[in-house]
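Participant: For reference, the structure I am asking about is given below.
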Amino acid sequence: MRGDTMIKTFCDACGREIKHDTIHYELKIEVKAAYNTLEINLADLLKDHTEEIEALINEMEHADPRTLQDDVYKTFHFHLCRACQRSYLKTPLPSRKPAGPGAPFRRMRSPEFDD
């Protein structure tokens, strides 16, 4: 760094500048697909799965690569000031009521950053 030039850090939740000498927090969120244990029996082993595999490959060839990746694994990285960290710890998942399942979560101010 030259002279007085410093990288400024802002809270991704409230937008306030986080001063260099104050405590702040990093929030890393990892979202990954969870699979149940796969049970394979003799019939599964004897079955020809060629058509199923070809159909999956065809479907993936016509899908957006980013969507395919996000369906399996996605990370987010945020900086939080002390007040927003405490708020996040109290309610890590915002309420979905009355919107219900599938409704979007309330988003933080800044765009997400992939690790």
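Values in this text are rule-based calculations from the coordinates and carry no lab data. Source: prediction; values computed, not measured. Virtual Cβ from ideal backbone geometry, glycine too; neighbours counted across all protein chains shown.
Participant: Measuring from label point to label point, each 7 Å out along Cα→Cβ, what is the MET60 to ARG86 span in nm?
Facilitator: According to this spin-label approximation, the distance is 4.8 nm.
Participant: Here is a follow-up. Filter the GluC sites (Glu not before Pro) in the stretch 1-84 down to the DSSP loop ones having no more than 10 other Cβ atoms within 10 Å, then list what survives.
Facilitator: Passing both the DSSP loop test and the Cβ count: GLU39.
Participant: May I ask you to list the chymotrypsin sites (Phe, Trp or Tyr not before Pro) in the stretch 1-65 that are in a DSSP loop and have at most 11 other Cβ atoms within 10 Å of their Cβ? Let's see the in-between values first.
Facilitator: On the way: sites: PHE10, TYR25, TYR35; in loops: TYR35.
Passing sites in the stretch 1-65 are TYR35.
Participant: Give the shape of the stretch 24-72 as rounded, prolate or oblate, defined through the alpha-carbon gyration tensor: a ≥ b ≥ c are the square roots of its eigenvalues, a/c under 1.5 means rounded, and otherwise the shape is prolate if a/b is larger than b/c and oblate if not.
Facilitator: Here the stretch 24-72 falls in the oblate category.
Participant: Moving to a separate point now. At a Förster radius of 30 Å, what calculated FRET efficiency corresponds to the Cβ-Cβ distance of LEU27 and ILE7, to the nearest 0.05?
Facilitator: For LEU27 and ILE7, the calculated efficiency is 0.95.
Participant: Still on this structure: Taking just the alpha carbons, could you work out the radius of gyration and Dmax for the stretch 1-100, both in angstroms?
Facilitator: Final numbers for Rg and Dmax: 22.7, 71 Å.
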